[in-house]
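Worksheet: the structure to be examined is printed underneath.
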């Protein structure tokens, strides 16, 4: 008889644990997009991007002008070959400089994005944790990153709660 009770308890334990598990969902992308801090971060990123694009365009324009001048010079018979070669060397050097600038610009923009967004995501994470702890959720799934195969009508979505909590701070 004791053995039967032990087997029943062993079989019932996973069900008891499952009954205590409460899962909620949140859409972090929606929360992020709703915050004024994200708008400010995006405005700053756009400003950095515009400056980088303007500099890139100026560099490209200068290169195009040098190349057009070189093409005119290349057909001229009164220009020594050493001058033509030096000008072509300058064009190649400028072209490499533009490529290097483009690569550095992409890295700089990515670093700025991370620098600006990290504190916002930390704020969101803290709000999700606070709500999760307050309501006793075992897990909070980010549905913007991890698609959920099924979400019933009784699903707990805390997205608006997170937005409200951050707005009050």
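Throughout, read-outs are computed from the coordinates displayed, never taken from laboratory work. What you see is a predicted model, and the numbers here were worked out from it, not measured in a lab. Every residue, glycine among them, receives a Cβ derived from its backbone with ideal geometry; neighbour counts consider all protein chains shown.
Ranking of 162, 143 by neighbouring Cβ atoms within 10 Å, starting from the fewest: 143, 162. Using Cα pairs under 8 angstrom and six or more residues apart, how large is the relative contact order of the chain, in percent? Reported relative contact order: 51 percent. Pick the calculated mean projected area of the Cα convex hull in nm² for this structure from (i) 11.9; (ii) 18.1; (iii) 16.0? Entry (ii). In this simple spin-label approximation, residue 133 and residue 68 carry label points 7 Å from Cα along the Cα→Cβ vector, and these lie 6.4 nm apart.
Specify the inter-centroid distance of the stretch 78-107 and the stretch 39-67, based on alpha-carbon positions, in whole Å. Taking the Cα centre of the stretch 39-67 as reference, the centre of the stretch 78-107 is 19 Å away. Helix 81-135 and the long axis of the chain differ in direction by around 20°, with both axes built from C-alpha atoms.
Axis of helix 36-75 versus longest Cα principal axis of the chain: the two differ by about 20°, to the nearest ten degrees. For the chain, the longest principal axis of the Cα atoms and the long axis of helix 2-20 meet at an angle of about 40 degrees.
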